[in-house]
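Only one structure is covered here, and it is reproduced in the block below.
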Amino acid sequence: MTTTDILWGVLRIVLIFSAVMGLVAYMTLMERRFLGFFQLRLGPNRVGPGGLLQPIADGIKLLFKEDMTVSHANRFWFRLAPAIALVSVLACFAVVPASPSIVVADIPVAVLYLLALSSLGVYGILLAGWSSNNKYSLLGGLRAAAQLISYEIPLALSIVGVLILAGSMSLVGIVKAQEGLWFVVKQPLGFLLFLVCVSAETNRTPFDLLECENELVAGYQTEYSSMKFGLFYMAEYAHILLASCLVSLFFLGGWNGPLLPAPLWLLGKVFFVFALFIWVRATFPRVRYDQLMGFSWKVLLPLAFVNLMVTAALTVALS
């Protein structure tokens with residue numbers, strides 16, 4: 001590998017992760033404006049033209065807030081937990097392609113890489129609850145871990161049908177397999193299962209029990225302030241962006257589409273999925289915790305197995 005190759009690789013990493021962080025910042029503005037529309041109010045519209053500078057103002061505000069570490073906390077893990085939560089999701093974007101040529105690393109086992117790295121985020125949440133040495137934070141961290149682990153199983157099974165149809169674990173290969181027909185047509189049940197599971201994995205309504213403030217103060221992040229709190233906030237929206245990208249790549253054809261450049265097609269589909277998440281948040285109330293867990297084990301998991309068996313049987317029969 002030459003010096004030019006290394007420099008080009010570093011430049012791609014910087015550009016892609018800068019774009020990711022920019023999108024994460026402005027997804028917060030998009031959500032607040034959309035929720036304002038759904039709830040017949042304006043939303044943020046004062047800072048900059050149309051409120052466009054609001055995410056920057058929010059970031060500056062968090063930077064200048066007092067950064068406290070409570071005296072009874074385990075300081076090392078208390079400070080490391082937010083970084084684990086954010087880094088685990090940012091590392092996933094290394095294999096997310098915006099086009100066949102715009103990707104940091106197109107590896108043959110990209111799906112396994114995504115499942116492994118994204119699941120590490122639960123350690124940040126669990127460590128945050130435990131290291132705070134606060135019973136409310138610990139309770140929030142424990143039930144967050146239970147929720148995420150429960151929904152990871154049907155989530156993983158829901159995309160096995162996609163892998164069978166594509167014959168590849170590379171995200172570029174999966175998108176190329178949809179050039180004739182998107183997988184949402186071939187895998188409608190898998191699409192719905194994946195959409196519900198990523199909603200729970202990313203702490204979206206009606207599954208937003210990770211920081212259920214009216215029950216557990218603020219859950220695992222009760223004792224956090226300033227940018228340590230901000231890192232959890234960024235990690236949550238980065239997870240939502242990653243989920244929107246994966247829904248688009250696995251089921252909506254990725255960058256496939258006429259006339260427009262490939263990255264614009266993918267970006268449009270990503271924002272469509274994110275708008276769907278916002279619509280659900282504005283529409284549905286939060287479920288109870290027993291309903292949340294029962295829905296995963298009693299409904300989603302059996303349906304994921306059914307989808308997998310039917311897909312495998314039809315693939316063998318038609319081949």
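Every number here is computed from the coordinates shown, using simple stated rules; none is lab data. Predicted, not measured: the structure shown is a model, and the values here were computed from it. All Cβ positions, glycine included, derive from the backbone under ideal geometry; neighbour counts span all protein chains shown.
The numbered conditions (1) buried (at least 23 other Cβ atoms within 10 Å of the Cβ); (2) among the aliphatic types (A, V, I, L, M); (3) over 30 Å from LEU80 (Cβ atoms) are all true for LEU260 except (1).
If you filter the stretch 9-44 down to residues that are free of Cβ contacts under 8 Å to residues at least 12 places away in the same chain and either in a loop (DSSP other than H, G, I, E, B) or among the β-branched types (Val, Ile, Thr) (or both), you find that the one that is surrounded by the fewest Cβ atoms within 10 Å (Cβ to Cβ) is LEU40. Does SER71 satisfy the criteria of being over 25 Å from VAL14 (Cβ atoms) and in contact with a helix residue (DSSP H, G or I) (Cβ under 8 Å, 6 or more places away or on another chain)? So SER71 fails the test. Of the residues ALA166, ALA200, ALA177, only one is in contact with a helix residue (DSSP H, G or I) (Cβ under 9 Å, 6 or more places away or on another chain) and buried (at least 23 other Cβ atoms within 10 Å of the Cβ); which? The unique qualifying residue is ALA200. For the stretch 86-109, the candidate set comprises residues that are closer than 12 Å to CYS245 by Cβ and of a type in the set (A, V, I, L, M, F, W, C); within that set, the residue that is nearest to the chain's Cα centre (by Cα) is VAL89. Filtered by the rule that a residue be in contact (Cβ under 8 Å) with a residue 60 or more places away in the chain and in a helix (DSSP H, G or I), the stretch 67-80 gives PHE78, ARG79.
Considering only the stretch 61-83, I want to know if a residue exists there that is surrounded by 16 or more Cβ atoms within 10 Å (Cβ to Cβ), touching a Gly at 6+ places or on another chain (Cβ under 7 Å) and not small (Gly, Ala, Ser). The answer is yes, given that some residue of the stretch 61-83 is surrounded by 16 or more Cβ atoms within 10 Å (Cβ to Cβ), touching a Gly at 6+ places or on another chain (Cβ under 7 Å) and not small (Gly, Ala, Ser). Take the conditions (1) loosely packed, with under 13 Cβ neighbours inside 10 Å; (2) on the phi > 0 side of the Ramachandran plot; GLY51 misses just one of them, which is (1).
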